[in-house]
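The values are calculated or read from the model by the stated rules, or taken from the named source; none is laboratory data. Quick caveat, the model's predicted, so the values are computed rather than measured. Backbone-built Cβ (ideal geometry, glycine too); neighbour counts: all protein chains shown. With ligands, DNA and RNA removed, areas are computed over all heavy atoms of the protein, side chains included. Shrake-Rupley method; radii C 1.70, N 1.55, O 1.52, S 1.80 Å.
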Amino acid sequence: MDAEERELLAEALRGTMTATPAGAALDAALAEVGWEDLLAQEPEVAVPLVFSLLGETGAHASLVNDVLLAAAGQPVGGTVALPYAGGRQVVWERADAGGDGGVLDAALPLRAVDPDAADGGKAAADPVALAAGRRALGWWLVGTGRAMLDLARTHALDRTQFGKPIAAFQAVRHRLAETYVALEGAEATLTVAEDELGCLLAKAAAGQAALDAARHCQQVLGGIGFTAEHALHHHIRRALVLDGLLGNTRELTRQAGALIRAQRAAPRLAQL
Amino acid sequence: MSPTSLVPAGFVPPVDGKTATVEEFRAAVRAWLDEHAAGLAKPADHSLDAEVAQLGKVRRALFDAGWMRYGWPVEAGGLGGPDVLRAVLGEEVAARDLTDATNYSLVEVLAPTMISYAKGELAAEMLPWLLSGREQWCQGFSEPGSGSDLASLTTRALQREDGAWVVNGQKVWTSLAQYAQRCVLLTRTAPGHAGITAFFVDMDTPGITVRPLRTMHGVDEFAEVFFDDVVVPHERMLGKEGDGWSLAMDLLPYERSTCFWHRITYLFTRLDRLVADADTDGSEPTATTDAAVGAAYLALHTVRCRSRNTQRRLAAGANLGPETSVDKILLATAEQLLSNTARDVLPGVIELADSDWRTEYLYSRAATIYGGTAEIQRNIVARRLLNLGKD
């Protein structure tokens, strides 16, 4: 796929995500535009594109199931019990959220399941599948972070205090710069995420960047960012929930540390 | 003096720089470094004199074998081939801890400047002296009154009737000036950014006084340099009158690509050492140490990924610009986090033992100051990458 084709595909996907209600309807609409074939044939294009767009548009769909299933060599379209932070497990239903209020991001059709009773199945136990899932969620988290940065940047330019836009104040500018740097760094780790460790580190970096974005952008947005009428809180909820899925940044960072201490050397994954 | 006069008689290039892949070049460099490991090993003497002597020795050996000349143009005494070959060589040198990575990488900012701006045969004549380790060069940019605001510099150059220039003023933070035979010097010849002019100055010219600065980490690698009626021939002007600011800006991409790659390689060797040292301590719960070490690794991995992508963009012919401030922020942050982690997981080592970790820790405090402060980098990101307008 060349750059122009990729651009066209991105536009089509963005259109689908903004025009279709998130959840089951978006699952169906993405199936319509060929998500399954794209995932099977060009996962290295499909995953970064689709998942970062989910983040940027604020949409959601249950595609992480497909990413794990496809990587495990199983038929896509079903669900997998997914590891969650703290030794928990969840299922990402292929239906609309029931709105039972259990999950911080109530729009997501996530259901906690008993980790002792749940059968994670082959996909969730397969390290290759887990790595693929973490990489996909990493792209989503970076997209969510970029959505927050965009909201905060717009606000900083529009909002006037002391006779000038608050974007003119260095304290505000530096928070936004910090957010941008974290997101760019995380994206770089995603471009290098090939093996298990690379995907683990990329998910950790992306989770951290999204949490940094939430913190800085909410502060820049001030009072309006704390209201339900502003879109920011949707993205913050999403970042927090996605960070926990397949291991949160804190857990993954600790695992990376344990690994290099056991190996007595830190792998250099990025090569010229 | 012709550039080839420094090349050993009967020299045959070990590989073809234009056709060798990165992997082939790396394998050949590794084999050579392994073969010559004993002769290149760092001496036990940690003094700066010994370090600079070692730097000269390593460069000389790499130059004589040809490795140091790859990635530099043939017209300037190099052997040609892409820039990335220099990143690979520096990575292998840093990975073996043969020299201080920062000092080794000074070539990366000095040589491109000469190639782009020196008049006539000057670059071809002088560069081999630098690359072969026979000379050290320094960079006279910062001044006591001009740090972050470099364009406000006041070291003055006035042209005499015979065409030569007379320089008066003071530079500071000039790395290795006390060892340098030459200096790439920024001076003021007129007001404003367009009034900055660069010269290539011989450090033994009468009127130059160098005074090393005692730094916090105990290594006198920076110096103050005083210029009192120092006469510089007109032919030693780099570029034209007023080109100094562009010269300073043009070297940023080199500083932020190949130099950073070398520095990151060096920091990974220190992370490996931290992992080894941390094992023997055992004064805190394993999970706590794992988390701290993991965070340092994640930060270093992140900047390495970013820098790899920057190298690839450079190789693809991209012009590097303000986005390299992201690399700079990630690197400075990772470097300080690594030293902070060392202090955390090796309690007392920095305070009570005169170890390498103490030097590392203290030196890392400067990472957010040199090469453009953390605040200046964030200003650049805000202004140029986020388009937030003027502050």
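Residue count for the range A:152-178 under the criterion of being more than 7 Å from chain B (Cβ to nearest Cβ), buried (at least 21 other Cβ atoms within 10 Å of the Cβ) and farther than 18 Å from B:Gln377 by Cβ: the result is 2. Restricting attention to the range B:87-108, the residues being farther than 15 Å from B:Arg59 by Cβ and buried (at least 22 other Cβ atoms within 10 Å of the Cβ) number 3.
When the helices (runs of 4 or more DSSP H) confined to the range B:340-391 are screened for residues that are within 14 Å of chain A (Cβ to nearest Cβ), those reaching at least 2 such residues are found at B:374-380.
Among the listed residues B:Gly348, B:Gly371, identify the single one that is of a type outside the set (Ser, Thr, Tyr) and within 24 Å of B:Pro285 (Cα to Cα).
Numbers: B:Gly371 fails: within 24 Å of B:Pro285 (Cα to Cα).
Criteria check complete, one pass: B:Gly348.
With A:Leu176, A:Leu130, A:Leu151 as the choices, which residue is under 30 Å from A:Pro83 (Cα atoms) and either in a helix (DSSP H, G or I) or modelled with pLDDT of 95 or more (or both)?
Numbers: A:Leu176 fails: under 30 Å from A:Pro83 (Cα atoms); A:Leu151 fails: under 30 Å from A:Pro83 (Cα atoms).
That would be A:Leu130, the only listed residue that is under 30 Å from A:Pro83 (Cα atoms) and either in a helix (DSSP H, G or I) or modelled with pLDDT of 95 or more (or both).
Taking the criterion of being in contact with a Lys or Arg (Cβ under 7 Å, 6 or more places away or on another chain) and more than 7 Å from every other protein chain (Cβ to nearest Cβ), the residues of the range A:179-196 that qualify are A:Leu183, A:Leu190, A:Ala193.
Does B:Tyr363 fit the bill of being in contact (Cβ under 8 Å) with a residue 12 or more places away in the chain and open to solvent by less than 40 Å² (accessible area, probe 1.4 Å)?
When the stated conditions are applied, B:Tyr363 passes them.
Based on this model, can you work out whether A:Asp195 counts as open to solvent by less than 40 Å² (accessible area, probe 1.4 Å), acidic (Asp, Glu) and over 21 Å from A:Gln89 (Cα atoms)? No, not satisfied.
Would the range B:326-334 turn up any residue that is surrounded by fewer than 22 Cβ atoms within 10 Å (Cβ to Cβ), outside the structural domain of B:His217 (by TED's automatic domain parsing) and more than 21 Å from the chain's Cα centre (by Cα)? No, the conditions are met nowhere in the range B:326-334.
Tallying residues that are open to solvent by 80 Å² or more (accessible area, probe 1.4 Å), farther than 12 Å from A:Thr57 by Cα and touching a residue at least 12 places away in the same chain (Cβ under 8 Å) within the range A:1-31 yields 1.
Of everything listed in (1) more than 28 Å from A:Thr253 (Cβ to Cβ); (2) surrounded by fewer than 16 Cβ atoms within 10 Å (Cβ to Cβ), the single unmet condition for A:Gly102 is (1). Among the residues here, B:Arg273 does not qualify as of a type in the set (Lys, Arg) and more than 12 Å from chain A (Cβ to nearest Cβ).
If you filter the range B:57-66 down to residues that are under 18 Å from the mean Cα position of the chain (by Cα) and open to solvent by 10 Å² or more (accessible area, probe 1.4 Å), you find that the one that is nearest to B:Ala124 (Cα to Cα) is B:Arg60.
Output the residues belonging to the range A:50-93 that are assigned to a helix (DSSP H, G or I), among the aliphatic types (A, V, I, L, M) and surrounded by 19 or more Cβ atoms within 10 Å (Cβ to Cβ).
Start the filter on the range A:50-93 by keeping residues that are assigned to a helix (DSSP H, G or I), which leaves A:50-57, A:63-71, A:85-87.
Add one more test, that the residue is among the aliphatic types (A, V, I, L, M), and what stays is A:50, A:53-54, A:63-64, A:67-71, A:85.
Correct list: A:Val50, A:Leu53, A:Leu54, A:Leu63, A:Val64, A:Val67, A:Leu68, A:Leu69, A:Ala70, A:Ala71.
Could you list, in sequence order, all residues of the range B:99-129 that are among the aliphatic types (A, V, I, L, M) and free of Cβ contacts under 8 Å to residues at least 60 places away in the same chain? Give the derivation first.
So in the range B:99-129, the residues among the aliphatic types (A, V, I, L, M) come out as B:101, B:106-107, B:109-111, B:114-115, B:118, B:122-124, B:126-127.
B:Val107, B:Ala111, B:Ile115, B:Ala123 - these are the residues of the range B:99-129 that are among the aliphatic types (A, V, I, L, M) and free of Cβ contacts under 8 Å to residues at least 60 places away in the same chain.
Taken together, the residues in the range A:227-260 that are open to solvent by less than 10 Å² (accessible area, probe 1.4 Å) and without any contact (Cβ under 8 Å) to a residue 40 or more places away in the chain amount to 2. Among residues of the range B:320-333 that are at negative phi and facing chain A (nearest Cβ under 10 Å), those with a beta-carbon under 9 Å from a residue that is of a type outside the set (S, T, N, Q) and assigned to a loop (DSSP other than H, G, I, E, B) at least six positions away or on a different chain give the pairs B:Ser325/B:Gly372; B:Lys328/B:Gly371; B:Lys328/B:Gly372. Looking at the range B:77-86, is at least one residue modelled with pLDDT under 95, open to solvent by less than 20 Å² (accessible area, probe 1.4 Å) and hydrophobic (A, V, I, L, M, F, W, C)? Checking the range B:77-86: not a single residue is modelled with pLDDT under 95, open to solvent by less than 20 Å² (accessible area, probe 1.4 Å) and hydrophobic (A, V, I, L, M, F, W, C).
Residue-wise test of (1) in contact with a Leu (Cβ under 7 Å, 6 or more places away or on another chain); (2) without any contact (Cβ under 8 Å) to a residue 24 or more places away in the chain; (3) open to solvent by 30 Å² or more (accessible area, probe 1.4 Å).
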site	(1), (2), (3)
B:Gly163	no, no, no
B:Val172	no, no, no
B:Val184	yes, no, no
B:His193	no, no, yes
B:Met203	no, no, no
B:Pro206	no, no, yes
B:Leu213	no, no, yes
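Summed over the range A:222-272, the residues that are at positive phi and assigned to a helix (DSSP H, G or I) give a count of 1. Of all the residues that make up the range A:201-212, how many are within 10 Å of chain B (Cβ to nearest Cβ) and either open to solvent by 20 Å² or more (accessible area, probe 1.4 Å) or outside any helix (DSSP H, G or I) (or both)? The total comes to 1. When A:Val113, A:Val47, A:Val64 are checked against the criterion of being at pLDDT 95 or above and in contact with a strand residue (DSSP E or B) (Cβ under 9 Å, 6 or more places away or on another chain), A:Val64 stands alone in meeting it.
Table: residues versus (1) farther than 15 Å from A:Thr253 by Cβ; (2) assigned to a loop (DSSP other than H, G, I, E, B); (3) facing another protein chain (nearest Cβ under 7 Å).
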position: B:Ala295; (1), (2), (3): no, no, yes
position: B:Thr302; (1), (2), (3): no, no, yes
position: B:Asn309; (1), (2), (3): yes, no, yes
position: B:Arg312; (1), (2), (3): yes, no, no
